[in-house]
Structures are given as structure tokens and as C-alpha cells.
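Participant: My questions all concern the structure below.
The values are calculated or read from the model by the stated rules, or taken from the named source; none is laboratory data. Just so we're clear, the structure is a prediction, and the values are computed from it rather than from any experiment. Using ideal geometry, Cβ is built from the backbone for each residue, glycine included, and neighbour counts are taken over all protein chains shown.
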Amino acid sequence: MSLRFERVSKRFPGVLALDGVDFEAQPGQVHGLLGENGAGKSTLLKILGGQFRPDEGRLLIDGQEQRFGSARDAIRHGVAVIHQELHSVPSLSVTENLLLGRLPRRFGFVDHRAARRIVTERLADMGVQLDPDARLSSLSIAERQMVEICKALMQDARVIAFDEPTSSLSHRESEALFALVHRLRSQGRTLIYISHRLDELYALCDACTVLRDGKRIAVHPTMADLPRDRLIRDMVGRSLQDIYGYRPRPLGGERLHVSDLAGARLPAGASLSVRSGEVLGLFGLVGAGRSELMRLVCGADRASQGEMRLDGQPLRLTQPRQAIQAGIALCPEDRKEQGLIAPGSVAENINISCRRRDLRARLFLRHRREAERADAFIQRLRIKTPHRRQEVRSLSGGNQQKVILARWLAEAPLKVLVLDEPTRGIDVGAKNEIYQLIFEVAAAGTAVIVVSSELPELLGIADRILVMREGRIAGELPRDQASEQAVLALALPDSDLKA
Amino acid sequence: MKFKLSLPLAYAALFALLSFTVDNFFSTVNIVGLLLSVAQIGMVACTMMLCLASRDFDLSVGSTIAFAGVLGAMVLERTGSPAVAVVAALAAGGAIGVANGVLIAWLRVNALIATLATMLMVRGLAFIAAQGQAVGIADEGFIAFGDTRMLGLPLPVWVTAACFLVFGVLLNHTVFGRNTLAVGGNPEAARLAGVRVEGLRLTIFTLQGLVAAMAGLILASRITSGQPNAATGFELDVISACVLGGVSLSGGRAGIVGVLVGVLVMGTVDNVMNLQGVDAFYQYLVRGVILLAAVLLDQWKGDR
């Protein structure tokens, strides 16, 4: 089915999310949709998926105008949108999830055997290896995503849109997804693919459209010979010579020393050392234990063994509060679940941690000082928000991340800053700003540890890269010896290398 | 921000309308009666607001009121000292709050289940202690508390007003209040940002127990006895008032002005139905409808 948006506009209070956008995708093609956060990609997909209605313009499918009133409506017309957030039911099995709402019945009761047969057949058709009886909660994120895609295929979707499907997948899991996308393309389906990873877009897409500030900036009918710099310029409106902007800094003495630290979710002890002013990259595949180690370092989980020394002083942590008081701060992996106080305002989210120290002398809050501090950080970090009282959940991912960074920059002696996937789901422009902040913080003497699944990012910004594999530290590479191959050789389990 | 103004305005409009349409509504006697009738609900609603704001729930307040009243009356009977009776009842209320707090914050029992259990247990204790009978109060000083007036208003109304003031300031102008909203908004994020989540929960439930015990004492003073079956269903009235006032059951959102209006709306509706001679059976129906309508209206506002 061919798909066409004609001069589509969508307005939200205060924002024109889409401004007369044209967009076209052809069957048998993977069409990339690029743009920074807030460019309008998700809004476009939500109109396609029936969650929003356009204020102006039309959506044509095979030349027929469609106005979807709901997600169900879109699915009935063969359109499926695979969102970043997964919409499966964790307590049910793969079979039940795939047939949810349409479970076969006999005499009013669920016919489990028929259900299982249908699902097994369809999974085989799709070439997907999933246990139909497995509970969703026992599956990995990647497998759950497969379930989500299968759900769309079960309903015979002819147009499938993917919104950043690989943002939480490991390298190998992504490969499996790409294979499926290729297969879907060869079946003549119309595929739309959103990702912030340019490598992926080049590897997967046949054509692409770039949006910026709700407008269509460019359409590239072919990806071959399309320079990366051109794409980035289309996306951010300026050429980024080097999005990392690495600047060497003088390094100070050892700031944090961790030896043999282990906890319930990281049974094998891990050791590391980071110097004042240093940016240490921590790489590993999903499940390698990176976040688990960082949670121990920041007191988010309790360590069962091992020692930590901060500036030579021994440190024992049982609560995040103690780490914060010592000067160790964590920007957690999952902004929405662990970082943001969602109903709270921008100012509230910036001030939550540091107000305790400011107010020790008095009982009452100093509202004016809090407001000033929030405004100062909004300005300094260029957080795009209409007001400090704006609800933080309405901000884009990059700006939310800046709010959490501001929370820790407001802490007075920031000795160690741990950033777990700081740029996940963030556009190129905001990434660059976050990298610059990391260098700024490091230059002031803070030891910065950056956990990331994006290897080019770590190669670009880290002074040194530490690699974890299967819950252990696998090795360490200084900047000048760190290459993609060298890091992956340490990160991949042996079985992967052989395969 | 918007509802902070629109709620009181809506109530003012309702009040004006009733003043003109309902006979005897707008009179000193009736207004004072109205305020007195919501005094207990009002003071407990203040702490319930904190409880809901931190994404918790407390069903045990009604039982605590009854138990505190019975205990206060019994201690008064034995010792003859109102001061000792008050201290004993408050201590019992505080202990119930601590028990709730420990169960929920440290032993991680779901708040609904934990306080449902303490609600049953405390109600049981009240009946056991009183041997199923009302415990009469003869102490003149203790009874006088519920009747004494200051500047034309009964003391219980002043106590409730003080509660609104104290807890309003606590919510909006202290670290404790802001942290309460943060924990309700996202407990894990609040913990990672350095908030003592367990301690905060314990504090809230302890305050709730203390205030409920105070309400129980005031009730006992007004009805001159400790009744083991007093305040049944009270917890639901309090939660209804909070929800009417815009407090979110999913945590993170609460306003003291809203709660005040919620309490007044509940009281006013009951008052008017009594003035109009509406059958008590219909009153339940009306209260349910108003609660639903308010919540639906709130959701509809949020959707836009």
C-alpha cells in the first residue's frame, strides 16, 4: 500500500508540531524518517496510527483519503505503528498477547489448543523464533519487541512504522530485527523507520525524509552516496564538524577507587578507578552488568561485598542519599521511570535534591532562591521550556535529560557524576550539548563515568574505555588504543565471535 | 494553578446560589453547624491529603477515631485526668500510624491491604476495650471542649482551621511537603534523588494517626462518650473529600485549598439535604453521584 500525507498540520497549545508536511512512502521500501526530537516525527506517526487527528491536510492510503479515529481503526485499515513503549501484557503468554481481544473460543471458553496452533503457525511463517507459551515478563526487551511486531503482522498490517525500535536493543538483537525488516520489505509491505542512529538508517533504508521544526526539510530518494554531513545538516540546520567536540583536559589524582564491588544483581566483583577530570566510558552489551555496577557505585543498590574509596577516604553506601552527600550522583538509565518526578515542574525536578542542603538552617523553603536557581540552570543548559513551572513530562527527551543534569550540577561538591545512557533517544543537536556539558563538568575536576550502548559515542568522548562482559570487567582501553574492533572484541561473549 | 482558583470560585457560586434558594441555609446558626459537622473530616483530610499525595492510602482512620475516643473515655474514667486521657489517646493513634508506616514502608505491604487490616484490628480493639458498650464521659472540662466557643465559632472548628493552616504550610513551604509530592510522583526517582522515602512514609502515617486520634477525642467530647462503633465509613468520606478537592489518587498532586473546598462541598451538600428533609437513604446516592461527577470533570479537564 502506498502512503501519502498531504500538507498535514497539527497544532498543540503553544506549539505547531506539524506545519503543512508532505510525506510519501512506497510499498517494498523502507523509508527513513529523520529529525531531532520535537521535529514532528512522533506526531506524524501518531496521526498515522490513529492517536491524533490532523488539524489540516489529508492522509491518503492507496490514493484513498483516510481519517482514523482510533488505533483500532488504523489497524483495521492495515496500518500498524510499533511505538517505543511496549504495549504488551507482561503477565500473559506470547500466544495470549498475540491474540489479545481475538482469542479463539469454544463454547464460550478460550480454546487454548487452537490459539497455540494459530500462533505457532504464524510465528513459523514470519520466521520468528519465540516460545508461544513463554510469559512476556520472562522475555528480553528485544523479544518483547518481536512480539509487538508479530502482533502487527498477525493483523496483516501492510504499512508498518517503527519508532526507534533499536534504542533498547543490543547489537545482536538489532541484527535480528533488521533481518525481519528486510523480510517484510521483500514481501512488499510499506515500512517507515525512525531512528537516531545514522548507521542503521544507512544500512536499512531505501529513502528518507528529514523533518525539522515541524516542516519537511528534505527528501532523499536514495541513501547511496548521501553524505552523512548532509543528513546531519538537514536535521539540525547547521553542519556539525564533530558532534563529540572532544577536548583533552589535564587529569587530576585518583578520585574514586572501587575494588571487588558486588551485589545481588552483580554477583562477580568488579573493580575500577577514575581520576579527577577524567571521562571514563563504560561499554558492554545489554545485560553485561554496566547499570548494575553503576547502581552499586551510586548507592542505588546495596553492595554485598567490596570497597569504595572516594578521594582516598573509605565510603560505605546503603542509600542513594549517602552517595549524593558524598558527592556521587547518578543520572539513571531510564529517565521516565527512575529520573523524573513526572507530575512535577521543571523547577521542582531541578531543586529536589539540593534544597535539603540549602535549607538546613531553616524550616521553610526559600521559594525565591529556588526559582532563581531553576532559571539560572534553564538558561545555562539552554533547557527549552516555556517556564520553570512547566510540567517536566511535556519536555523533549534531550531537555528532560538536561533537567536531571541540572539537578546534579546544583549539588555543590560534585565529585563523581555517573551518566547511564545519557543520550538514549536524544537528537544530534541535544547530544552535542550534553557532550559539551560532560567536558565542562570534567574540566572542573569531577570524575565522569558515561555508560553507553553506542560505541561511536564512547569512542568520541571518553578518555578511557572500560568494557564489561557477562557481569565482569573484561578489559580497559586508553583512548588512543580504543577502536570499534578492539572494544567489541572485549565485549562480545566468545560464542558470538565464533558465530 | 488554574484549579486553585476555579475550585473556590465554584464553591462560592454554589454557596451564593444555596443562600438564595434554600431557606435557613444562610444563617449564623446553620453555617456554624455546617462547619462543626465537617470539623473531624476536615482535620483528617489534611493528613489524608499527604498520604494520597505520596501515593499511599489509609483506611484505618475511622477505626482510629473510634478507638481513640473509647480509650480516652476509659482513661478519663479511671484517672479522672483529661490530660492523661488526651495523651493516652494520642499515643495510641500515633502507635497505629507507626504500625501502618512500618508495614507499608519497610515490610512493603500494599497500603490498601495494610490499612484494611489495621482498620479491622483497631475496630476490633475498640469493641474489645469497650466490651461492646459506649463508655460514658462525665468530666465537665472534657465535655466543655466540644462546646466552648471562641469568636463565635466552636473550638473544634478552630482546631480544624489550624490543621489546614499547618498542613498547608507543610505541603507548600517545607522540604517535607515537596518531598511528599516527589515520592508520590515517582518513588524510585525520588529515592535516587536522595529523598528518605521510608522515613517520609512513616512520618506521614504517624501524623495521620495522631490527627485521627485528635479527631476521635473531639468527637468523644461532643457526644460525651467513647463509642466503639463511631465513625464507620469515615475513611471513605475523607478520601472522597480529598478527591473532590483535586488530590490525585495516583500521587504527586495535591493542594490544601482544594481539600478545604472538597470538605466544604461534602458538608454543604449534606447540610442542604438535611435542611430540605431529603431522606437519609437518598443522601448516599447523591454523595456518590457528586463524587463521580467531580472526578469525571477533573479527568475531562486533564484530557484537554
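Participant: Just give me the residues in segment A:355-369 being within 9 Å of another protein chain (Cβ to nearest Cβ) and either in a loop (DSSP other than H, G, I, E, B) or surrounded by 14 or more Cβ atoms within 10 Å (Cβ to Cβ) (or both), in sequence order.
Facilitator: Quick first cut of segment A:355-369, residues within 9 Å of another protein chain (Cβ to nearest Cβ) only: A:355-356, A:359, A:363-365, A:367.
Selection gives A:R355, A:R356, A:L359, A:L363, A:L365.
Participant: Of all residues in segment A:324-340, which are facing chain B (nearest Cβ under 8 Å) and either within 11 Å of B:A193 (Cα to Cα) or of a type in the set (A, V, I, L, M, F, W, C) (or both)?
Facilitator: Of the residues in segment A:324-340, the ones facing chain B (nearest Cβ under 8 Å) are A:324-325, A:330, A:332, A:337-340.
Once the filter is applied, which keeps residues that are facing chain B (nearest Cβ under 8 Å) and either within 11 Å of B:A193 (Cα to Cα) or of a type in the set (A, V, I, L, M, F, W, C) (or both), segment A:324-340 yields A:I324, A:Q325, A:L330, A:P332, A:Q338, A:G339, A:L340.
Participant: May I ask you to say which residue of B:G199, B:G194 is within 12 Å of chain A (Cβ to nearest Cβ) and outside any helix (DSSP H, G or I)?
Facilitator: Values: B:G199 fails: outside any helix (DSSP H, G or I).
When all the criteria are applied, what remains is B:G194.
Participant: Here's another thing I want to ask about it. Assess whether B:A13 counts as being closer than 30 Å to B:N179 by Cβ, of a type in the set (A, V, I, L, M, F, W, C) and in a helix (DSSP H, G or I).
Facilitator: Working: closer than 30 Å to B:N179 by Cβ: no; of a type in the set (A, V, I, L, M, F, W, C): yes; in a helix (DSSP H, G or I): yes.
No; evaluated as a whole, the condition is false for this residue.
Participant: Taking B:A89, is it over 29 Å from A:F364 (Cβ atoms) and in contact with a Ser or Thr (Cβ under 9 Å, 6 or more places away or on another chain)?
Facilitator: No: the conditions fail for B:A89.
Participant: Surrounded by fewer than 20 Cβ atoms within 10 Å (Cβ to Cβ), touching a Gly at 6+ places or on another chain (Cβ under 9 Å) and within 14 Å of another protein chain (Cβ to nearest Cβ): which single residue out of B:V169, B:V183 fits that description? Write out each step before concluding.
Facilitator: Working: B:V183 fails: surrounded by fewer than 20 Cβ atoms within 10 Å (Cβ to Cβ).
Selected residue: B:V169, the only one of B:V169, B:V183 that is surrounded by fewer than 20 Cβ atoms within 10 Å (Cβ to Cβ), touching a Gly at 6+ places or on another chain (Cβ under 9 Å) and within 14 Å of another protein chain (Cβ to nearest Cβ).
Participant: Please work out which one of (1) in contact (Cβ under 8 Å) with a residue 24 or more places away in the chain; (2) within 19 Å of A:E164 (Cα to Cα) is the condition A:L60 fails and give its number.
Facilitator: The number of the failed condition is (2).
Participant: Does A:V428 meet the test of being within 29 Å of A:G237 (Cα to Cα) and β-branched (V, I, T)?
Facilitator: Values: within 29 Å of A:G237 (Cα to Cα): yes; β-branched (V, I, T): yes.
Yes.
A quick yes/no check of all residues on (1) more than 8 Å from chain B (Cβ to nearest Cβ); (2) at pLDDT 95 or above:
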position	(1), (2)
A:P314	yes, yes
A:L317	yes, no
A:R321	no, no
A:A342	no, no
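Participant: Within segment A:387-410, identify whether any single residue is of a type in the set (A, V, I, L, M, F, W, C), within 18 Å of A:P332 (Cα to Cα) and touching an Asp or Glu at 6+ places or on another chain (Cβ under 7 Å), and answer yes or no. Spell out the reasoning first.
Facilitator: Residues of segment A:387-410 of a type in the set (A, V, I, L, M, F, W, C): A:392, A:395, A:403-406, A:408-410.
With within 18 Å of A:P332 (Cα to Cα) added as a condition, the list becomes A:392, A:395, A:403-406, A:408-410.
Filter again for touching an Asp or Glu at 6+ places or on another chain (Cβ under 7 Å), leaving none.
No, there is no match, as no residue in segment A:387-410 is of a type in the set (A, V, I, L, M, F, W, C), within 18 Å of A:P332 (Cα to Cα) and touching an Asp or Glu at 6+ places or on another chain (Cβ under 7 Å).
Participant: Also, I was wondering about something else. Quick test for you: out of B:L59, B:L90, pick the one residue that is in contact (Cβ under 8 Å) with a residue 60 or more places away in the chain, under 25 Å from B:I204 (Cα atoms), aliphatic (A, V, I, L, M) and assigned to a loop (DSSP other than H, G, I, E, B). Talk me through it step by step, then tell me what you get.
Facilitator: Numbers: B:L90 fails: assigned to a loop (DSSP other than H, G, I, E, B).
Only one candidate passes the filter, namely B:L59.
Participant: Tally up the residues in segment A:139-153 that are among the polar types (S, T, N, Q) and at pLDDT 85 or above, please. Reasoning before the result, please.
Facilitator: Our first condition is that a residue be among the polar types (S, T, N, Q); within segment A:139-153, this holds for A:140, A:145.
Adding the requirement that they be at pLDDT 85 or above leaves none.
Result for segment A:139-153: 0.
Conditions (1) farther than 29 Å from B:F145 by Cβ; (2) buried (at least 22 other Cβ atoms within 10 Å of the Cβ), marked per residue:
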position: B:N229; (1), (2): no, no
position: B:S240; (1), (2): no, yes
position: B:V243; (1), (2): yes, no
position: B:G288; (1), (2): yes, no
position: B:L296; (1), (2): yes, no
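Participant: For segment A:144-260, which helices (runs of 4 or more DSSP H) that fit wholly inside it have 3 or more residues that are in contact with a Leu (Cβ under 7 Å, 6 or more places away or on another chain) and surrounded by 16 or more Cβ atoms within 10 Å (Cβ to Cβ)?
Facilitator: Numbers: elements: A:171-186, A:198-204, A:228-236.
Correct list: A:171-186, A:228-236.
Participant: Residue under question is B:F20, and the condition is that it be among the aromatic types (F, W, Y) and in a helix (DSSP H, G or I); does it hold? Walk me through how you get there before you give the answer.
Facilitator: Numbers: among the aromatic types (F, W, Y): yes; in a helix (DSSP H, G or I): yes.
Against the criterion (among the aromatic types (F, W, Y) and in a helix (DSSP H, G or I)), B:F20 qualifies.
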